[in-house]
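For reference, the structure discussed in these notes is given below.
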Amino acid sequence: MSLNFGSLQFLALESPSQAVHPAGTPTSPLTSSSPPFVMAHYASLYHGGASMPPLPPGIPVRSVWKDNLELELRFLHSFVHNARYAAVNIHYPGVIHNGSQKHTSQTADERYSVVKANVDALKPIQVGLAIYNDFGHIVAWEFNLRGFHPVTDPHAANSVGYLQERSLSFDEHQVHGITALRLATGLSGCGLFRRPQISWTTYAGLYHVGYLMKYLSMGNQLPDSLGGFLDMVRQFLGQDVYDVARIAVDCALPPGLEHVASSLFLVPAALSPRLAGAGSLLAL
């Protein structure tokens, strides 16, 4: 089922304490010549829009920095031709604007205005993308960004601390990371967007999708109105946008991406989410 754009139910809103979700520690990245993970024994199940089966263990995340960006963008461009499902997970430095009312008392327009204020003001840190194609292949990327540093840029201390506890090095991002403009240009031209046949998913995804829209609009601020934002999402991602957090509530599953995955026996504990690439893979 496609989730409801009009009621904003397709994108769950995080509270400030949930602004950065755990994402799994990636395994060593594949070389650019390595093939994607293949699920050949599952491939025939997907044609005709059948549901995806559980992900097998051991799918690596391709870690992308400025030195291997061009190579990985070429691989991404070649892989997306037969894409059927895609997932996005973005790490960002928390929430610094909370609005004047409690989250539960806000209207959809008020909640969106809070999200817009944060997305417009803050710099994302990592972009995770996972893609599944018609042939049963899965590839996940983790794009590491340059530009944010906790010494100079606004952030929520608990969110930044959370990432540092999971071995994310902001100094390494400053030296080896990708500029926001270069990644925006690369993603805009990769062939993954404006394709209605691809279904998208995320977890507690309003901020994730918001930052993705910021990139796809080349760093511009989000639209002023909720309606304008939803039109923008439809333009880039189509109508099939799913939020695992919303679906989990409807299915009486526990909160938290890792807990949902464990409840469904999708992945072993070794792939528990810690960073953005593995988070997108779990959402997928």
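The values are calculated or read from the model by the stated rules, or taken from the named source; none is laboratory data. Given the structure is predicted, the values throughout are model-derived calculations rather than measurements. Cβ placement follows ideal geometry from the backbone for every residue including glycine, while neighbour counts extend to all protein chains displayed. Keep in mind that these areas ignore ligands, DNA and RNA; they rest on the heavy atoms of the full protein, side chains included. Shrake-Rupley method; radii C 1.70, N 1.55, O 1.52, S 1.80 Å.
Of note:
- Ranked packing of 175-182, 275-282, most packed first, by mean Cβ within 10 Å: 275-282, 175-182
- Heavy-atom accessible surface of segment 126-284: percent carbon and sulfur, 1.4 Å: 56 percent
- For segment 185-284, size of Cβ-based charge dipole, Lys and Arg +1, Asp and Glu -1, in debye: 240 debye
- The GluC sites (Glu not before Pro) of segment 93-174 include none that meets both criteria, a DSSP state outside H, G, I, E and B (loop) and at most 11 other C-beta atoms within 10 angstrom of the site's C-beta.
- Charge dipole (Cα centre; +1 on Lys/Arg Cβ, -1 on Asp/Glu Cβ; no other charges) of segment 100-181 amounts to roughly 180 debye.
- Each residue of segment 251-262 was assigned a 3J(HN,Hα) from its phi angle through the Karplus curve 6.51 cos²θ - 1.76 cosθ + 1.60 (θ = phi - 60°); the sequence is 9, 6, 9, x, x, x, 4, 5, 5, 4, 4, 5 Hz, with glycine and proline shown as x.
- Spatial separation of Cα centroids for segment 140-155 and segment 171-231, in angstrom: 15 Å
- Rounded to the nearest Hz, the phi-derived 3J(HN,Hα) couplings of segment 218-230 under the Karplus curve 6.51 cos²θ - 1.76 cosθ + 1.60 (θ = phi - 60°) are 6, x, 5, 5, 5, x, 5, 10, 4, x, x, 5, 5, where x marks glycine and proline.
- Amide proton proximity set for residue 61, modelled H, under 5 Å, gap of 5+: 27
- The residues of segment 164-284 expose, per residue, 42 Å² of accessible area to a 1.4 Å probe.
- The relative contact order of segment 174-237 comes to 45 percent, based on Cα pairs under 8 Å that sit 6 or more residues apart.
- Ranking 154, 198, 213 by Cα position along the charge dipole of segment 124-231, where only Lys, Arg, Asp and Glu carry charges on their C-beta atoms, puts 198 farthest toward the positive end.
- Candidates 126, 188, 140 compared by Cα position along the dipole of segment 69-212: farthest toward the positive end lies 188, with charges placed on Cβ.
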